[in-house]
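Before any comments, here is the structure.
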Amino acid sequence: MPDHLVANGAEHPAPGPIDQALPQFFAKLDQWQKEFGSPMLIGLSGGGDSMALCRMASHWAKVTGATLHAASIDHGLRPNSAADSAQAIAWARALGLSGEVVRLDERPAHGGLQAWARQARYQALASVSRRLGAKLILVGHTWDDQVETVCWRLARQSGLDGLAGMAEVAINPFAQLEAPNLLGRPLLGLKRADLRAWLMGEGQEWLEDESNQNLDFARIRTRKLVQDMAAQKVDLERIVRLAAIADALRSAQERATLDLLKRCSLTPVEAGWQLKATAFREAEPVLIERALGWLIYSLTQADRPPEAEKLGRLLEGVLAFPSQRRTLGGVSIAPKHDELLFSLAPIRRGQVAVGSRRPQNQYARLFGISRQPHEFVTQ
C-alpha cells in the first residue's frame, strides 16, 4: 500500500456540508444525463477531490442505473505514478464502476511540463470518451480550485474571461473536432476540506500527490498564496462572488457577440469565414474584439484566442484602416467588396501547415469558445 495513502474512517459520521450538498449534486448529474446521455467518464487521479467525485457519482449511479467509467491518466513523471493510477482504478471498481489506466509514454520536447501534462491528460480523456461514446467528462475541480484560478489570472492581469474563472460545463479544448466532448465540474461549489472530511466519514482512502508541495510550479505557488490570504482572514468568498459577476457579464457579452455574427450573416466559405464588413465595423468595439478572437480561434489549432492586447491592436487597425489586410495568430483578415474574409494566412518558413476545416468543425470551435457548445456536442 502506498505510504502517501490517506485514510481515516468514522463509524457514525455526523452530517456535514457534503451530505447536505448530495441532493443538489445528484440533481445536477440527473440534468447532465438527460442532456448528454450515458455513459459518463470520470477523470480519476486518486486524489481527494477526484475520489470524492468518484464516490459521490457511484452513489448516484447505483440509484439511477447510469453507466460511469473511470480513467486514470499515468503521466509517468513520478516513480510511483503507475501504482497510484492502478490504486485509483481499484478503488473505482470497488465502488462498482468500470475503469482503466491510460499510460502516457511521450514527453514534451520543449515547453512547460505542467502545460504538457494538462494538455496530454485532456487529450487522453477525450480519446477514451470517443471510444466509449461519452459526451461528458466529469472532473474534480472544487471551490478552492476556482479561487486559485481567479487569483492566478488576476496576477496575470487577465481580462473579463479570466476573472470569470472556470465554467461548470465547458468544451474540452483538446478533443478532436470530429468527436467533441465536454468537461463537467459538479464539485465547483464545494470546498476541498469538506470533501476530505466526507471521505473520512465514508471510510474512503485517497492519495496525496507530493508534487502539490512543490513551489517550483506556479499552480502550487498560487495555492500557497491563497492559503496565506485565508490565514490573514481575507474573505475568499468575495473572490468567488467576483468570478460569478464576471461570468454573468461575460455571458451577456457572448450572447451579444453571437447576435452580432448573426446580423453580419457569418457564413463558412472554402477559405474560412465571410461576413458583412459594414455591419461588423459599426458594432460596439468590445463585441468586435471578442468576435475577432473567436473567428481566429475557430480556424486554428490554438487552445485559446489571441491575447487581449494583440486583439486590441488588431481591432484598432480593422477600424482605422478598413481597406487593409491584417494578420493575427496565423489568420488573415482581408476586405473583399463589402465583406470581410477570414482565412488561414500563407505558411511561413518553419511553420506547420494546418489542414483545412470542414464547416461543422469551424462552427464547433466557434460555439465551443463561446461556451455555447451543447448543440454541437449532442447533435
Selection from the stretch 298-322 of residues open to solvent by less than 100 Å² (accessible area, probe 1.4 Å) and either more than 22 Å from GLU282 (Cα to Cα) or assigned to a loop (DSSP other than H, G, I, E, B) (or both) yields SER298, LEU299, THR300, ALA302, ASP303, PRO305, PRO306, PRO322
So, LEU199, is that one open to solvent by less than 30 Å² (accessible area, probe 1.4 Å) and either under 23 Å from the mean Cα position of the chain (by Cα) or polar (S, T, N, Q) (or both) or not? no
For this session: Please indicate, with yes or no, whether at least one residue in the stretch 232-242 is over 21 Å from MET166 (Cβ atoms), modelled with pLDDT under 90 and either open to solvent by 50 Å² or more (accessible area, probe 1.4 Å) or of a type in the set (Val, Ile, Thr) (or both).
Result: yes
| said: Regarding the stretch 280-290, can at least one residue be identified that is surrounded by 15 or more Cβ atoms within 10 Å (Cβ to Cβ), over 24 Å from ALA170 (Cα atoms) and either in contact with a Phe, Trp or Tyr (Cβ under 8 Å, 6 or more places away or on another chain) or small (Gly, Ala, Ser) (or both)? | reply: yes
Before we move on, is LEU183 of a type outside the set (Ser, Thr, Tyr) and either surrounded by fewer than 18 Cβ atoms within 10 Å (Cβ to Cβ) or over 18 Å from MET56 (Cβ atoms) (or both)? no
PHE36 fails exactly one of (1) under 19 Å from PRO186 (Cβ atoms); (2) open to solvent by 20 Å² or more (accessible area, probe 1.4 Å); (3) modelled with pLDDT under 95, namely (2)
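Each row is one residue, and each column tells you yes or no for (1) open to solvent by 10 Å² or more (accessible area, probe 1.4 Å); (2) at pLDDT below 90.
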{"site": "VAL331", "(1), (2)": "no, no"}
{"site": "LEU341", "(1), (2)": "yes, no"}
{"site": "VAL354", "(1), (2)": "yes, yes"}
{"site": "ARG357", "(1), (2)": "yes, yes"}
{"site": "LEU366", "(1), (2)": "no, yes"}
Listed by first then second residue, the pairs whose first member lies in the stretch 243-261 and is at pLDDT below 90 and polar (S, T, N, Q), whose partner is open to solvent by 40 Å² or more (accessible area, probe 1.4 Å) and not in a helix (DSSP H, G or I), with beta carbons under 9 Å and at least 6 positions apart or on separate chains, are SER251/ARG371
Quick count over the stretch 148-180, residues being buried (at least 23 other Cβ atoms within 10 Å of the Cβ) and of a type in the set (A, V, I, L, M), is 4
Would you say SER81 is open to solvent by less than 50 Å² (accessible area, probe 1.4 Å), without any contact (Cβ under 8 Å) to a residue 40 or more places away in the chain and under 26 Å from LEU104 (Cα atoms)?
yes
With criteria (1) in contact with a strand residue (DSSP E or B) (Cβ under 7 Å, 6 or more places away or on another chain); (2) crowded, with 19+ Cβ neighbours inside 10 Å; (3) among the charged types (D, E, K, R), ASP209 comes up short on (2)
Expected output for the stretch 127-140 (first residue touching a residue at least 40 places away in the same chain (Cβ under 8 Å), partner open to solvent by 10 Å² or more (accessible area, probe 1.4 Å) and of a type in the set (Asp, Glu), Cβ below 7 Å, 6+ apart or cross-chain) is GLY140/ASP49
Out of (1) open to solvent by less than 20 Å² (accessible area, probe 1.4 Å); (2) within 27 Å of TRP294 (Cβ to Cβ), the one GLN114 does not meet is (1)
Of the conditions (1) over 13 Å from ASP209 (Cα atoms); (2) under 23 Å from the mean Cα position of the chain (by Cα), the single one that GLY96 does not satisfy is (2)
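The values are calculated or read from the model by the stated rules, or taken from the named source; none is laboratory data. Predicted model only: the values in this text are computed from it and were never measured. Here Cβ is always computed from backbone atoms with ideal geometry, including for glycine, and neighbour counts include all displayed protein chains. Just so you know, the surface numbers come from the protein's heavy atoms only, side chains and all, with ligands and any DNA or RNA stripped out. Shrake-Rupley method; radii C 1.70, N 1.55, O 1.52, S 1.80 Å.
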